[in-house]
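Structure first, then comments.
The values are calculated or read from the model by the stated rules, or taken from the named source; none is laboratory data. All values derive from a computational prediction rather than experimental measurement. Counting neighbours? That spans all protein chains shown, and the Cβs are built from the backbone with ideal geometry, glycine included. These area figures cover heavy atoms from the full protein model, side chains too; ligands, DNA and RNA do not enter into them. Shrake-Rupley method; radii C 1.70, N 1.55, O 1.52, S 1.80 Å.
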Amino acid sequence: MRIHTDSQESVYAQYWQPMQNLLGENLTEFIRHYLTRTGVEVKQSEVYFEIKERIGTSDALSYLRDLCIFSEYYSRLLNPERESRETVRKYLRRLNRLEVATVYPFLLNCYDDWMKDRITEQEFTSVLQVLENFILRRFVCNIQTRGLNRIFALLYSQVSKDTDLATGTFLERLQLTLQNRDYPKDAEFRARLVDVKLYGGNRSEKCKLILESIEESFKHKEQVSLNGLSIEHVVPQTLTNWWREHLGEDWAVTHELLRHTLGNLTLTAYNSELSNDSFELKKNHFQNSHLELNQYFQLKESWSREHIEERAEYLANIALRIWSYFGDESAQPSQSSKLTGTIPKSLCFFGQENIVRSWRDVLELTLNTIADLEPDSFKEITQQFPRFIGWDEKDFRSARQLHNGAFIEVHLSAQDIYAFCMKAIETADLSIEEWHIETQETNKGSLQPPSI
């Protein structure tokens, strides 16, 4: 409406209609991200009034031209197949699989810098790799995504401030800025890679990206196509009698804690054929696989908790090389690696500090808090982990009752209690940053199941 009436139809046909055709239902969200790229986070309900105000203080036609140019960048973020450069296209695809549209305001600016030769194609690709690294490490370590909108709204102005982008310092500034935005260090990343739930819901696509990246890291001269492969659980999601016997007395604990973890997951084209087969039958299938991931199993005669944890460490070492830490690495040992020879003193959960005398106290307080904060998620936890929590006391060897009447198994090692608390917090979609234990050393060489 700020354009002369004689030109409105031609301008509409030249700029606005192509944007509508290109982005369809994503047009409003594009404009929101376009507005946010200047450093001020704009909510969807504010888009119309914000753009009206900005166009009111500038030339409407030049603003519309710029909007149209950026809409093409945005279309490539949404659909990487529109990008002609193969390497950039590859990393845009990978970023899309992490499902983080919050990076788009920042990336719109970077795309514009690349298109206008302020940064090179290699530098733009490196920016995409840094973002993937940052986001994937945070995902594995269960760091909540809230706050990312503001981080990426401000990021470009923070990184490019007083910086000539052509000098190559843009990438260094980007890394320096992000390492101070809850970027997990190696010790934490490794510890969580080993035990984090990677399968189920929106986690599965990220899990597949991790497994595919590990497979590609072996750099076979004849690279196997990863299209059409699916995630396979070595210990199956539904246990047969054979697997219960094979996993031993604590089969339920092993299954509930480790079935969806890195050490028990691989890629295959034979998912339906393998189903709940015994390890021996699965191993025969893996023997015919062209994936390096599956050659690992050839020297294994059985598949138990020990083997799952051993493979998780092996794969975690590879992942650490793929998504290597880009900050100043002076990490403290992760909390889960310091359990041996310690007892808990206090548990801080969502700002509430409680004195505890045993790991059983930690478990009870954690589950009571989740039950209060997220009752629906608590029900899901009881369904996913019946070996650890339920409504019938007779189902457990040694039980404590929670405030809501549910019972928890407390005849567990410190490591299993810690691992189950992690799983429960993940399932409730709460932030692991809000859960912290203070411990003290004991004279014991290792912790047995804590006493009541």
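Would you be able to say whether some residue in region 390-399 is open to solvent by 70 Å² or more (accessible area, probe 1.4 Å), at pLDDT 90 or above, within 26 Å of C141 (Cα to Cα) and not in a loop (DSSP other than H, G, I, E, B)?
No, region 390-399 has no match at all.
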- request: Return yes when R387 is open to solvent by 70 Å² or more (accessible area, probe 1.4 Å), modelled with pLDDT of 90 or more and among the basic types (K, R) and no when it is not.
  value: no
statement: Of the candidates I135, I143, the one satisfying the condition of being part of a loop (DSSP other than H, G, I, E, B), within 13 Å of the chain's Cα centre (by Cα) and buried (at least 17 other Cβ atoms within 10 Å of the Cβ) is I143
task: Given the conditions (1) on the phi < 0 side of the Ramachandran plot; (2) at pLDDT below 95, report the number of the one that I408 does not fulfil.
output: (2)
- prompt: How do the pairs read when you match residues in region 21-39 that are over 19 Å from E53 (Cβ atoms) with residues anywhere that are open to solvent by 10 Å² or more (accessible area, probe 1.4 Å) and of a type in the set (D, E), using Cβ under 8 Å and keeping only pairs 6 or more apart or on different chains?
  reply: L22/E72
Residues of region 408-430 satisfying the condition of being surrounded by 16 or more Cβ atoms within 10 Å (Cβ to Cβ) and outside any helix (DSSP H, G or I): I408, E409, V410, L412, S413, A428, L430
message: Suppose we filter region 346-358 for residues that are closer than 18 Å to A419 by Cα and either touching a strand residue (DSSP E or B) at 6+ places or on another chain (Cβ under 6 Å) or modelled with pLDDT of 95 or more (or both); how many remain?
response: 5
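Could you list all residues from region 13-30 that are among the hydrophobic types (A, V, I, L, M, F, W, C) and over 16 Å from T102 (Cβ atoms)?
A13, W16, M19, L22, L23, L27, listed by residue number.
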- request: Kindly indicate whether any position in region 195-202 is open to solvent by 40 Å² or more (accessible area, probe 1.4 Å), closer than 21 Å to Y91 by Cα, free of Cβ contacts under 8 Å to residues at least 24 places away in the same chain and of a type outside the set (S, T, N, Q).
  value: no
task: Report yes if L226 is in a loop (DSSP other than H, G, I, E, B), among the hydrophobic types (A, V, I, L, M, F, W, C) and over 20 Å from Q384 (Cα atoms), otherwise no.
output: yes
statement: The residue that is most open to solvent (accessible area, probe 1.4 Å), considering only those in region 96-117 that are free of Cβ contacts under 8 Å to residues at least 40 places away in the same chain and not aromatic (F, W, Y), is D117
- prompt: Do the conditions hold for E188, that is, is it open to solvent by 60 Å² or more (accessible area, probe 1.4 Å), closer than 30 Å to I69 by Cβ and among the charged types (D, E, K, R)?
  reply: no
message: So, in region 274-317, exactly how many residues are in a helix (DSSP H, G or I) and open to solvent by 30 Å² or more (accessible area, probe 1.4 Å)?
response: 19
